[in-house]
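Engineer: My structure is below; once you've seen it, I'll send some questions.
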Amino acid sequence: MASLEFAKEVRDWLQDVLRQIDPKTKISIKQPWEALKLLDKLKLEKEDIKGHIEAGVKWDVPIILGKGSVIKLPTRIEGPVIIGENTVIGPHAFLRGPVIIGNDCKIGSSEIKNSIVMDGSCAAHFNYVGDSIVGKKCNLGAGTKLANMRLDGEIIKVATGKDAKEVSSTGMRKLGAILESNAQTGCNSVLNPGTYVARKGKVLPGAVVSGYVE
């Protein structure tokens with residue numbers, strides 16, 4: 001299953017990030033969305049600011065900001081956030097931690113909540129990313145929304161392939177989308193809770209999608 005390969009990619013990447021805090025960190029996950037459950041345990045005891053934060057940006061707990069990264073006014077940060085190197089946050093971004101954003105990313109006038117955004121990915125224009133995983137070098141078109149809760153509040157299932165057998169219950173009531181690396185979404189698209197986008201997958205502009213997307 002492709003999701004197992006992506007789970008390994010997420011695990012290795014996340015493990016490297018978290019070893020900045022604790023060199024002994026070791027992560028074990030079987031499916032990508034399990035990484036989001038680990039975020040709930042994220043606590044940063046010490047602040048580490050190597051990049052630049054413009055005057056007036058507000059945050060309420062310690063954060064980590066990598067070298068060459070910039071957080072622009074009037075961004076607001078709530079909860080623990082880790083941001084890698086050479087990443088631009090804002091203006092007008094809202095990060096609702098726990099959130100981990102990698103190197104060389106661009107987060108513009110968007111809201112990121114309880115999510116992982118891996119290296120080289122962009123959510124630059126009026127996006128909502130809730131309880132989601134965005135792989136490496138993904139691009140979210142302007143206005144793309146990754147919805148994270150069913151209207152009926154039921155547990156979210158994820159289809160990780162075309163086969164009906166490749167459907168897993170996550171045990172989670174809040175889960176947005178899983179985008180494998182190099183995926184793209186068109187402007188004003190909506191990814192319903194539990195949507196899984198395959199590597200190099202594309203969501204067309206204005207589309208409302210669920211299930212497995214190639």
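Engineer: Just the residues that are farther than 17 Å from residue 158 by Cα and in contact with a Ser or Thr (Cβ under 8 Å, 6 or more places away or on another chain), please, taken from segment 1-26.
Structural biologist: First pass over segment 1-26, keeping only residues farther than 17 Å from residue 158 by Cα: 8-9, 11-26.
If the condition is that a residue be farther than 17 Å from residue 158 by Cα and in contact with a Ser or Thr (Cβ under 8 Å, 6 or more places away or on another chain), then 9, 11, 15, 18, 19 are the ones that fit.
Engineer: Follow-up. Can you list residue pairs whose Cβ atoms sit under 8 Å apart, with the first residue in segment 135-157 being among the acidic types (Asp, Glu) and the second being surrounded by fewer than 18 Cβ atoms within 10 Å (Cβ to Cβ)? Count only pairs 6 or more apart in sequence or on different chains.
Structural biologist: The qualifying pairs are 154/173.
Engineer: May I ask you to say which residue of 7, 35 is closer than 27 Å to residue 78 by Cβ, among the small types (Gly, Ala, Ser) and in a helix (DSSP H, G or I)? First the steps, then the outcome.
Structural biologist: Working: 7 fails: closer than 27 Å to residue 78 by Cβ.
Only one candidate qualifies: 35.
Engineer: How about segment 164-208: which of its residues are of a type outside the set (Val, Ile, Thr), surrounded by fewer than 16 Cβ atoms within 10 Å (Cβ to Cβ) and either more than 20 Å from residue 142 (Cα to Cα) or modelled with pLDDT under 95 (or both)?
Structural biologist: Within segment 164-208, 164, 165, 166, 169, 171, 173 qualify.
Engineer: Now a separate question. Please name all residue pairs, on different chains or six or more residues apart, with Cβ atoms under 6 Å, provided the first residue is in segment 1-27 and is modelled with pLDDT of 95 or more and the second residue is exposed (fewer than 12 other Cβ atoms within 10 Å of the Cβ) and acidic (Asp, Glu).
Structural biologist: none
Engineer: Now a separate question. When you look at residue 54, is it at pLDDT 95 or above and farther than 30 Å from residue 157 by Cβ, yes or no?
Structural biologist: Yes: the conditions hold for residue 54.
Engineer: Just checking: which of the strands (runs of 3 or more DSSP E) contained wholly in segment 58-152 hold 2 or more residues that are at pLDDT below 95, under 24 Å from residue 33 (Cβ atoms) and in contact with a strand residue (DSSP E or B) (Cβ under 6 Å, 6 or more places away or on another chain)?
Structural biologist: Where strands (runs of 3 or more DSSP E) fall fully within segment 58-152, none carries at least 2 residues being at pLDDT below 95, under 24 Å from residue 33 (Cβ atoms) and in contact with a strand residue (DSSP E or B) (Cβ under 6 Å, 6 or more places away or on another chain).
Engineer: For residues that are open to solvent by less than 40 Å² (accessible area, probe 1.4 Å), within 14 Å of residue 84 (Cβ to Cβ) and among the small types (Gly, Ala, Ser), tally how many sit in segment 10-68.
Structural biologist: Qualifying residue count for the region: 2.
Engineer: While we're here: Can you name every residue in segment 124-142 that is on the phi > 0 side of the Ramachandran plot and open to solvent by less than 10 Å² (accessible area, probe 1.4 Å)?
Structural biologist: Of everything in segment 124-142, just one residue is on the phi > 0 side of the Ramachandran plot and open to solvent by less than 10 Å² (accessible area, probe 1.4 Å), namely 131.
The values are calculated or read from the model by the stated rules, or taken from the named source; none is laboratory data. Because the structure is predicted, anything quoted here is derived from the model rather than measured. Backbone-built Cβ (ideal geometry, glycine too); neighbour counts: all protein chains shown. These accessible areas exclude ligands, DNA and RNA; they are computed on the full protein's heavy atoms, side chains included. Shrake-Rupley method; radii C 1.70, N 1.55, O 1.52, S 1.80 Å.
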